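Let me begin by presenting the structure, written as structure tokens, before commenting on it.
Just so it is clear, none of the values below were taken in a lab; they were calculated from the coordinates. If you're wondering where the values come from, they're calculated on a predicted model, not measured in any experiment. Quick reminder, even Gly has a Cβ in these numbers, built from the backbone with ideal geometry, and neighbours come from all protein chains shown.
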Amino acid sequence: MPHAPIVSLRDVHKSFGSLKVLDGVSFSVERGEVLVLIGRSGSGKSTALRCIDRFERIDEGAIEVCGHRVDDPGVDLRALRQDVGIVFQSYNLFPHLTIEENIILAPCAVKGMAKGQARDLARQVLAQVGLEDKLHSYPEQLSGGQQQRGAIARSLAMQPKVMLFDEVTSALDPELTGEVLRVIEALAADGMTMVMVTHEMGFARGIADTVVFMHRGKVHEAGTTAILASPATPELAQFVGTGL
Ligand code: ADP
Ligand code: MG
């Protein structure tokens, strides 16, 4: 069987009303690969990410994720979302549940996992993010960095085949950013396939297999991290120059 990418977007178009947000976007991510999406605010990064998980529907083009035809109206959303984990900028944890309860919720409700087994899994994923001792804490008792690591653990408990990260450190104080980035780094080293939007350029240089620079809804430049050192277009040069 020919091998297929884990995520592929082909000539994807998406508008909100008269605003064209994705204008023929194509990229693909192989198993175990880390793709970092960069670009100015408003360039379409979050929308591209949200289309992968079908939080947004596309107008034209094709998206395939772990064998699911995402643009097909009949796509099995439940199966798709079991394969795709997503973590956003704002903390995703339910405030009225402990960290353990947050983590076992979806495995029990969606996968029908037994509670005992889900609790074992919770311990395992919390160890992965260095939060073993916070099992019975509530989100508000944790720092922002710990909450974000808890949100990552909750995603991992669904054993996704690909993880999407949308500016997961942007809301954090600088001293808490590192602990979250280290968890993502460890996941990448473990072979997790990921698509990540980040403004942490130093981190992107260290972790990305592929960098995709978006500008006005288009993939303006893409390649290895070498494109950051020697941009081919004035737009990317300006972006890396200002770091914004
Ligand atoms: P980025 O993540 O690169 O900052 P986004 O994908 O969030 O960019 O947004 C791209 C453009 O689409 C922006 O102009 C934004 O205001 C607009 N946009 C995003 N989501 C919506 C929506 N649900 N309705 C209308 N406009 C939207
Ligand atoms: Mg965004």
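Between the listed residues 67, 228, 201, the Cα displaced farthest toward the positive end of the dipole of the chain, a dipole computed from Cβ unit charges relative to the Cα centre, is found at 67. Length available on full extension from residue 69 to residue 237: 0.36 nm per residue minus the Cα-Cα distance, which gives 57.0 nm.
How long are the semi-axes of the equivalent ellipsoid of the chain, defined as square roots of 5 times the Cα gyration tensor eigenvalues? Whole Å, largest first.
Calculated on Cα positions only, the semi-axes equal 30, 22, 16 Å.
Each other residue within a Cβ distance under 11 Å of residue 128 adds +1 if Lys or Arg and -1 if Asp or Glu, for a net charge of 0. May I ask which residue of 131, 143, 107 lies farthest towards the positive end of the charge dipole of the chain, with charges of +1 (Lys, Arg) and -1 (Asp, Glu) on Cβ and the Cα centre as origin? Checking the options against the dipole of the chain, the answer is 107.
Converting the Cα gyration tensor eigenvalues of region 1-106 into ellipsoid dimensions via √(5λ) gives semi-axes, longest first, of 25, 19, 14 Å.
Think of region 1-116 as a dipole: +1 on every Lys or Arg Cβ, -1 on every Asp or Glu Cβ, centred on the Cα centre; then among 21, 93, 77, 93 lies furthest on the positive end. Magnitude of the charge dipole for the chain, about its Cα centre and with charges confined to Cβ atoms of Lys, Arg (+1) and Asp, Glu (-1), is about 360 debye. Here the Kirkwood formula, the inverse mean of 1/r across different C-alpha pairs, assigns region 177-244 a hydrodynamic radius of 12.8 Å. Of all DSSP-defined beta bridges confined to the chain, some 55% are antiparallel rather than parallel. Going by a ≥ b ≥ c, the root eigenvalues of the Cα gyration tensor, does region 118-230 fall in the rounded group (a/c under 1.5), the prolate group (a/b larger than b/c) or the oblate group? Prolate shape, in that a/c is at least 1.5 and a/b is the bigger ratio.
Angle of helix 174-189 to the longest C-alpha principal axis of the chain, folded into 0 to 90 degrees and rounded to 10: 90°.
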